[in-house]
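Working notes for the structure below.
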Amino acid sequence: MKIEEIKIKDLHTDEFIKQQVEEISSVVGEGLAINALSGGVDSSVVTMIGYKALGDRLKTCFIDSGLMREGEPDHIASLFGDLGVNVEIIDAQNQFFEALKGKVDPEEKREAITQTFYAVVFAQLAKQSGAGYVFQGTNYTDIEETVAGIKRQHNIIEQLGINPEEQYGYKIIEPLIQLRKPAIRALAKTLGLPEELYNRPPFPGPGLAARVIGEVTQERVEIARKATKIVEDELCNLGAFQYLAILHEDRVTGIRDGKRDYGMQIEVRCWDSEDAITGSPTKLSYDVLNRLGERITTEVLGVVSVTYNITKKPPSTIETI
Ligand code: XMP
């Protein structure tokens, strides 16, 4: 089935939410559903629409893959708790790191994450709870890039010819599949989500694994996590579309305390973009760049080099795997 985009100019948010609530209620009936909340605007909007439709028959889970930003699982669970939505944090760190062990190829890493999400974690959750449906916030851009063969987004299943019911034992419902990010942000506002949720920069489903070049181990993710925190602290008020820190695989010679230090490299990216389809590097001031270099090399042990990416998308992509 061809999916048609609903452009933001044609979107009536109240009407769209009402339609989705009705559709979900009629599809799920008296059954149960699981919702995968990551705290990004897409899954946050899906959570609220699903909650409106099903109330307590929706089990909202935050999958702690070990690949999220610092403090993310508890923070998101508490934000949604304030909105009346109970969020269960599922600790799946071991499963994800086990699946990623020894993998260096970007698409293999993405595939490992996809399989762990759908075939292991959700399949188990659906089985345990008896839920027949999993909701997720796949959007129009995810589909476009996956189908075009640019990057396999972690949440694309049916467009790649996989039948989730046969393979994993549940159906997938994707209420936002016709919308791009700005339209989803408009829905978030209408749904009364806190601004912190709809105005935060996009964060990829594969989490920090999309920002670790080479093998994704717990230790290497921790380096990317610390650098990400600094980049977010420093760049959050500049109005950029997205900003991130990438851990490189190659080490370089540096100096620390007057001695040779063969250390790690962090690359900072900061994007101006409307819809993540194309993007340009934000023109950061030298003062900002300087502070990033200082803070990352002093606060993240083992990093001796910090660079800023000056490439547009395309040919770059926003994330690195
Ligand atoms: P790229 O790296 O493809 O990213 O230029 C485009 C936008 O999508 C986000 N991104 C993802 N989002 N699942 C998601 O839900 C994914 O697998 C994924 N990969 C990238 C990225 O952060 C950017 O906003």
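In table form, for the structure just shown:
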{"read-out": "Test: K259 is under 26 Å from D142 (Cβ atoms), out of contact with any helix residue (DSSP H, G or I) (no Cβ under 6 Å at 6 or more places or on another chain) and surrounded by fewer than 20 Cβ atoms within 10 Å (Cβ to Cβ)", "value": "no"}
{"read-out": "From the options V87, V41, residue that is within 15 Å of the chain's Cα centre (by Cα) and of a type in the set (A, V, I, L, M, F, W, C)", "value": "V41"}
{"read-out": "Number of positions in the range 5-37 that are surrounded by fewer than 14 Cβ atoms within 10 Å (Cβ to Cβ), more than 23 Å from the chain's Cα centre (by Cα) and in contact (Cβ under 8 Å) with a residue 60 or more places away in the chain", "value": "2"}
{"read-out": "Test: residue in the range 252-267 that is within 16 Å of the ligand (Cβ to nearest atom) and free of Cβ contacts under 8 Å to residues at least 60 places away in the same chain", "value": "yes"}
{"read-out": "Selected residue (criterion: modelled with the lowest pLDDT) from residues of the range 295-321 that are assigned to a loop (DSSP other than H, G, I, E, B) and β-branched (V, I, T)", "value": "I321"}
{"read-out": "Search result, residues across the range 127-169 that are more than 13 Å from the ligand (Cβ to nearest atom), at pLDDT 90 or above and surrounded by 20 or more Cβ atoms within 10 Å (Cβ to Cβ)", "value": "A131, Y133, V134, F135"}
{"read-out": "Qualifying residue in the range 277-294 (condition: assigned to a loop (DSSP other than H, G, I, E, B), surrounded by fewer than 18 Cβ atoms within 10 Å (Cβ to Cβ), within 20 Å of the chain's Cα centre (by Cα) and of a type outside the set (A, V, I, L, M, F, W, C))", "value": "yes"}
{"read-out": "Residues of the range 67-98 satisfying the condition of being within 16 Å of the ligand (Cβ to nearest atom) and surrounded by fewer than 21 Cβ atoms within 10 Å (Cβ to Cβ)", "value": "R69, E72"}
{"read-out": "Qualifying positions in the range 293-321 - of a type in the set (K, R) and out of contact with any helix residue (DSSP H, G or I) (no Cβ under 7 Å at 6 or more places or on another chain)", "value": "K312, K313"}
{"read-out": "Every residue from the range 49-80 that is more than 20 Å from Q124 (Cα to Cα), more than 18 Å from the chain's Cα centre (by Cα) and either assigned to a loop (DSSP other than H, G, I, E, B) or charged (D, E, K, R) (or both)", "value": "K52"}
{"read-out": "Pairs, first at negative phi in the range 45-71, second charged (D, E, K, R) and modelled with pLDDT of 95 or more, C-beta under 6 Å, six or more apart", "value": "C61/E88; D64/D91; E70/R225; E70/K229"}
{"read-out": "Candidates V21, V45 - the one that is of a type in the set (A, V, I, L, M), within 16 Å of the ligand (Cβ to nearest atom) and either within 24 Å of I143 (Cα to Cα) or not in a helix (DSSP H, G or I) (or both)", "value": "V45"}
{"read-out": "The one condition in (1) among the acidic types (D, E); (2) away from the ligand (no atom under 16 Å from the Cβ); (3) under 27 Å from Y198 (Cα atoms) that E294 fails to fulfil", "value": "(3)"}
{"read-out": "Residues of the range 301-321 satisfying the condition of being away from the ligand (no atom under 13 Å from the Cβ), crowded, with 16+ Cβ neighbours inside 10 Å and under 12 Å from V268 (Cβ atoms)", "value": "V303, S305, V306"}
{"read-out": "Every pair of residues 6+ apart whose Cβ atoms lie under 8 Å, when the first sits in the range 129-150 and is in contact (Cβ under 8 Å) with a residue 60 or more places away in the chain and of a type in the set (S, T, N, Q) while the second is in a loop (DSSP other than H, G, I, E, B) and away from the ligand (no atom under 13 Å from the Cβ)", "value": "S129/L32; N139/L179"}
{"read-out": "Answer residue from the range 107-125, given it is more than 16 Å from I63 (Cβ to Cβ) and modelled with pLDDT of 95 or more and is surrounded by the most Cβ atoms within 10 Å (Cβ to Cβ) among those", "value": "K109"}
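The values are calculated or read from the model by the stated rules, or taken from the named source; none is laboratory data. Here the structure is a predicted model, which means the values were calculated and not measured. We place every Cβ from the backbone using ideal geometry, glycine too, and count neighbours over all the protein chains shown.
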